[in-house]
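Down below is the structure, laid out as structure tokens.
The values are calculated or read from the model by the stated rules, or taken from the named source; none is laboratory data. The shown structure was predicted, so the numbers you read here are calculated from the model rather than taken from an experiment. Glycine gets a Cβ as well: all are built from the backbone with ideal geometry, and neighbour counts include every protein chain shown. Please note that ligands, DNA and RNA were not included when accessible areas were found on the heavy atoms of the full protein model with its side chains. Shrake-Rupley method; radii C 1.70, N 1.55, O 1.52, S 1.80 Å.
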Amino acid sequence: MQTKKVTLFLKEYLSAFVHYDLNKAAANYHLPCTLHTPNQIVLVKNIKACQQELTTIFNQLQQEKTSDILIKKASYSLVTEHLLLVSVDWEFLNDKGEIFADFCAIYHLILIDNALKIVNVVSHDLSNSQTLDYPVMLTG
């Protein structure tokens, strides 16, 4: 199992978004990769394109006056020794403590040089949330 690696990955990924750390967030992606939302599919071919996509997300979070980003539920499954599926239910709170966005995301992660990297992410409404084989508990 890869529970420790997945937990560390999610904590670092979350931290990058909470702190609007563009380089740290981009370091979580293996390029090229794909980003899927209900509205579009983006093929991210290089670091510049990755940083552009993340900058767009960071700008949206700042416009909404994000006060907190929560991982409400997370789990993973091993596909192979080096490929994992990770399911995350996200919740975004504004400065009034109100939820302004919540969704589920399924990440395809590959293990390269002992580090997990995103090769594909699919984001959808929470009604599509998945519970995979192994739960991930994120505490303090």
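Remarks
- When region 1-22 is filtered for residues that are crowded, with 16+ Cβ neighbours inside 10 Å and either part of a loop (DSSP other than H, G, I, E, B) or touching a Pro at 6+ places or on another chain (Cβ under 9 Å) (or both), the ones remaining, listed by number, are Q2, Y20.
- Region 86-98 - residue that is surrounded by fewer than 18 Cβ atoms within 10 Å (Cβ to Cβ) and in contact with a strand residue (DSSP E or B) (Cβ under 6 Å, 6 or more places away or on another chain) and, of those, nearest to L138 (Cα to Cα): E91
- A single entry from L61, L54, L35, L83 fulfils the requirement of being out of contact with any Pro (no Cβ under 6 Å at 6 or more places or on another chain) and either loosely packed, with under 15 Cβ neighbours inside 10 Å or farther than 21 Å from H124 by Cα (or both): L83.
- Strands (runs of 3 or more DSSP E) enclosed by region 23-140 - at least 2 residues per element that are of a type in the set (D, E) and at pLDDT 95 or above: 83-94
- Neighbours by Cβ (under 6 Å, 6+ apart or cross-chain): first from region 1-24, of a type in the set (D, E, K, R); second part of a helix (DSSP H, G or I) and crowded, with 18+ Cβ neighbours inside 10 Å: K24/A16
- Scope region 38-51; condition open to solvent by less than 70 Å² (accessible area, probe 1.4 Å) and closer than 27 Å to V136 by Cα; matching residues: C50
- Annotation note: Cβ proximity below 6 Å between a residue of region 95-119 that is farther than 18 Å from V79 by Cβ and a residue that is open to solvent by 50 Å² or more (accessible area, probe 1.4 Å) and of a type in the set (D, E) (sequence gap 6+ or interchain) occurs for F100/E64.
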